[in-house]
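> Have a look at this one before I ask anything.
The values are calculated or read from the model by the stated rules, or taken from the named source; none is laboratory data. Treat the numbers as computed from the prediction; the structure is a model and nothing was measured. Ideal geometry is used to build each Cβ from the backbone, glycine not excepted, and the neighbour counts take in all protein chains shown.
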Amino acid sequence: MSRVPFRRRDVIRTLWMSGAAAAARPAWSDALSALAHEHARQPAPPPAADWTPSVLDAHQNETVIALTEAIIPETDTPGARAALVNRFVDQVLAEADSRERDEFLRGLKGLDERCRERAGAPFASCTAAQQTAALADISAEGPGSPADRDRAEFFQAVKAMTIAGYYSSEIGLRQELGDDGTLAFAEFPGCEHPEHGAPPKKPTT
């Protein structure tokens, strides 16, 4: 298999923001992104068969599984669900400050409320198309009402955590990138789904 670092059918763009973009993010989401980045550079523990979340309750964990899978879905290689990115997210939340953790959990609740209003079901119970539509709406939000900004900020945080968790997992490193154990990043690839708010790709020459 040929090795093309940072290539995936839908996930190829750098997620880690420039200094100016990072400064524009709110402190809580920036802090979670930085903590996720730090965790991604540490050796991942082997998956535990009896794992239970430290922070997330059962419903929140299912929501994170569905949400991270929507960001990095299974294609010709496994997605975030198979890579156990939900465990990575829970670990980051367990070590985050209480404010950052509470903001993230509030974002999960807000996502469910939005999906119930528009689709009649919480995010994890929505169809793939409904989930994609919900994330497209959130990622497109910016200046507006405080609720709109909160949802957009939450999406930036969860996207950063998802990418960091996926590309530091064995699946992300070995199956996706073909790592032989020597690969290390200064940056992480990001989500390039247009419906998730990624900028259009520049034409190649």
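Results for (1) over 17 Å from the mean Cα position of the chain (by Cα); (2) buried (at least 19 other Cβ atoms within 10 Å of the Cβ), shown as yes or no for each residue.
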position: 79; (1), (2): no, yes
position: 89; (1), (2): no, yes
position: 94; (1), (2): no, no
position: 101; (1), (2): no, no
position: 118; (1), (2): yes, no
position: 156; (1), (2): no, yes
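> With 129, 136, 186 as the choices, which residue is more than 23 Å from residue 101 (Cα to Cα), at pLDDT 90 or above and of a type in the set (Gly, Ala, Ser)? Outline the logic, then answer.
Working: 136 fails: at pLDDT 90 or above; 186 fails: at pLDDT 90 or above.
Sole residue among the options that is more than 23 Å from residue 101 (Cα to Cα), at pLDDT 90 or above and of a type in the set (Gly, Ala, Ser): 129.
> Search the stretch 70-84 for residues that are modelled with pLDDT of 90 or more and pair each with any residue that is of a type in the set (Asp, Glu) when their beta-carbon atoms are under 6 Å apart and the residues are at least 6 apart or on different chains.
79/69; 80/69; 81/69
> Restricting attention to the stretch 43-61, does a residue exist that is at pLDDT 90 or above and under 14 Å from the mean Cα position of the chain (by Cα)? Can you show your working first?
Residues of the stretch 43-61 at pLDDT 90 or above: 51-61.
Checking which are under 14 Å from the mean Cα position of the chain (by Cα) leaves us with 61.
Among the residues of the stretch 43-61, at least one is at pLDDT 90 or above and under 14 Å from the mean Cα position of the chain (by Cα), which makes the answer yes.
> Can you tell me which residue within the stretch 57-89, out of those that are touching a helix residue (DSSP H, G or I) at 6+ places or on another chain (Cβ under 7 Å) and of a type in the set (D, E, K, R), is nearest to residue 171 (Cα to Cα)?
Residues of the stretch 57-89 that are touching a helix residue (DSSP H, G or I) at 6+ places or on another chain (Cβ under 7 Å), as a first pass: 60-68, 70-72, 77-83, 85-86, 88-89.
So of that shortlist, the ones also of a type in the set (D, E, K, R) come out as 62, 81.
Working: 62: 20, 81: 10 Å.
This residue is 81.
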